[in-house]
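See structure below.
Please treat every number below as a calculation from the coordinates, not as lab data. Here the structure is a predicted model, which is why all the values come from computation and not from measurement. Virtual Cβ from ideal backbone geometry, glycine too; neighbours counted across all protein chains shown.
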Amino acid sequence: MAAKIRPPHDRGAALWDPSAGPSRMLISSIDRWTSALLADDGIDMPFMGGNDSIDATIVARGDGILVGCAAVDHMLQIWAGGLQITWSHGEGRSISSGDEIATIRGEKEAVLAMERTILNILGQLSGIATESKRWSLKAPGQIACTRKTIWGLLDKWAVHMGGGLTHRLTKKDARMIKENDLAVMYPDIEGNGARVSRYITEVDVSDCGAFLEIEVREEKEAIMAAFAWSEKRMIEGCDRLVIMLDNFGPERCKSIADELAEMGLREHVVLEASGGILLAKLEDWRECGLDVLSTSTINRGTKPLDLSMLVKT
């Protein structure tokens, strides 16, 4: 990793506190997603309880990182308040095949109706956290997801719990400027590099949220962005600019990082690579002098962790 300073892509604290649990932002997201999942399963009214109770156990059928307990707790509180769930493994903990994750007790109709959604939530989020952990162990503090998600902030929460970086949580959380944005803002200026320089000169940093990121596709654009930002930073005292090197590849990324260092510009920027990053070739990327490696692979198309629910007889 090029710098010891934690990159600004680490936004997990806005979603989850190890002591206090989910933030308001995360709870709101949990509420929206669980309501939609239940509605698609034909559940549109909370269960009011009954006298015919059963006990069930959630069992792991694979190894991984358990995430989603808080989402299940919130869902049951709203939709099936009569059910009691007791967790034997906490949020973000490692679990192994055969482990009993939790026990549920309550009215049988509610238990059976909620079964599939409970397992879907735990399986999906635990699968993401498990994949995030695999990547993060190879490149600690460098792996970030992107805004390409399946379940929005829930995916980002799971990435965070697995040790990855959330990147920006929403479009307003941090500002990211891409080629299309610049083309719309400066139609009369030719060349993306000139547009980048113009934007940096004009942008109000206080209105950018957690950080400002600019996507570049050519070496010249990266150098122009870093130079313009170094001047702005010396005058305004800004934080580092995030420059995304889009589809550069390890060798081109290393060349840019080295050139910026030689020019005395490296300290002013956070370098992020995105596009074509594979777990099997992660070592190549780690050696190219970047701060962040962003990929949607850790949260999109990830295999869910296998879990099952067994009713005790």
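How would you rank Thr166, Thr313, going from fewest to most other Cβ atoms within 10 Å of each one's own Cβ?
On the way: Thr166 24, Thr313 5.
Least crowded to most crowded, the residues run Thr313, Thr166.
Please state the shape class of the stretch 1-157: rounded when a/c is under 1.5, otherwise prolate if a/b exceeds b/c and oblate if not, all from the C-alpha gyration tensor. Please report the intermediate quantities before stating the final value.
Numbers: a/c = 2.43, a/b = 1.76, b/c = 1.38.
Note, shape of the stretch 1-157 comes out prolate.
Sequence neighbours fewer than 8 away in the same chain don't count; with that in mind, list the lysines whose C-alpha is under 18 Å from Lys156.
Those lysines meeting the cut-off are Lys133, Lys148, Lys171, Lys172, Lys303.
Using a Gaussian network model of the chain with C-alpha springs under 10 Å, which one of Ala129, Ala20, Ala39 is most mobile by mean-square fluctuation?
Fluctuation is largest for Ala20.
Could you grab the relative contact order for the chain? Cα pairs under 8 Å, six or more apart, rounded to a whole percent.
Rounded, it is 22 percent for the chain.
What FRET efficiency comes out for Ser88 versus Asp188 if R0 is 45 angstrom and r is the Cβ-Cβ distance? Round to the nearest 0.05.
Approximately 0.10, to the nearest 0.05.
If you place +1 on the Cβ of every Lys and Arg and -1 on the Cβ of every Asp and Glu, how big does the dipole about the Cα centre of the chain come out, in debye to the nearest 20? Don't skip to the answer; put the middle values down first.
Details: 36 positive and 46 negative charges, 71 e Å.
Here the size comes out at about 340 debye.
Looking at the chain, send over the antiparallel percent of its DSSP beta bridges, to the nearest 5.
Taking every DSSP beta bridge with both residues in the chain, the antiparallel ones total about 50 percent.
Work out the FRET efficiency for Ser206 and Arg105 from their Cβ-Cβ distance, taking R0 = 45 Å, and round it to the nearest 0.05.
0.30
Counting residues in the stretch 165-294 as N, plug N into 2.2 N^0.38 Å and put the Cα Rg over that result. Walk me through the intermediate numbers first.
Details: Rg = 14.2 Å, N = 130, 2.2 N^0.38 = 14.0 Å.
Working it through for the stretch 165-294, the quotient is 1.02.
Using a 10 Å cut-off on Cβ atoms, rank the peptides 142-155, 268-281 from the highest mean neighbour count down.
142-155, 268-281
Please rank Met234, Met224, Met75, Met45, fewest neighbouring Cβ atoms within 10 Å first, as an exposure proxy.
Taking fewest neighbouring Cβ atoms as first place, the list is Met45, Met234, Met224, Met75.
Can you compute the modelled spin-label distance between Lys281 and Asp258, with each label point 7 Å from Cα toward Cβ, in nm?
Distance between the two pseudo-spin positions: 1.9 nm.
What is the stretch 1-154's relative contact order, in percent, from Cα pairs under 8 angstrom and six or more apart in sequence? Before the final figure, lay out each step's value.
Values: 197 pairs, mean separation 41.5, N = 154.
For the stretch 1-154, the relative contact order is 27 percent.
Rounded, prolate or oblate: which fits the chain when a ≥ b ≥ c are the square roots of the eigenvalues of the alpha-carbon gyration tensor, with rounded for a/c under 1.5 and prolate only if a/b beats b/c? Walk me through the numbers on the way to the answer.
Working: a/c = 3.01, a/b = 2.19, b/c = 1.37.
The shape class here is prolate.
Compute the angle between helix 250-262 and the longest alpha-carbon principal axis of the chain, please, reported from 0 to 90 degrees and rounded to the nearest 10.
50
Starting from the Cα of Lys108, draw a straight line to each of the aspartates and glutamates and keep only those under 15 Å, dropping any in the same chain fewer than 8 residues away.
In chain and number order, the partners are Asp52, Asp55.
Magnitude of the Cβ-charge dipole of the stretch 165-294, K/R +1 and D/E -1, about the Cα centre, nearest 20 debye?
Rounded to the nearest 20 debye, it is 280 debye.
With n ≥ 4 as the cut-off for DSSP H runs, can you work out [θ] at 222 nm for the chain, using -39500 (n - 2.57) per run divided by the number of residues, rounded to the nearest 500?
-12500 deg cm²/dmol
Could you tell me which of rounded, prolate or oblate describes the stretch 1-94, using a ≥ b ≥ c as the square roots of the eigenvalues of the alpha-carbon gyration tensor, with rounded for a/c under 1.5 and, failing that, prolate when a/b is larger than b/c and oblate otherwise?
The shape class here is prolate.
From the residues Ile95, Ala139, Ser126, which one has its Cα farthest along the dipole of the stretch 49-146 in the positive direction, the dipole being from +1 and -1 charges on Cβ of Lys/Arg and Asp/Glu about the Cα centre?
Result: Ala139, furthest along the dipole toward the positive end.
Can you return the aspartates and glutamates within cross-link range of Lys232? Criterion is Cα-Cα under 13 Å, with same-chain partners fewer than 8 residues away left out.
Once the sequence-local aspartates and glutamates are set aside, what remains near Lys232 is Glu202, Asp204.
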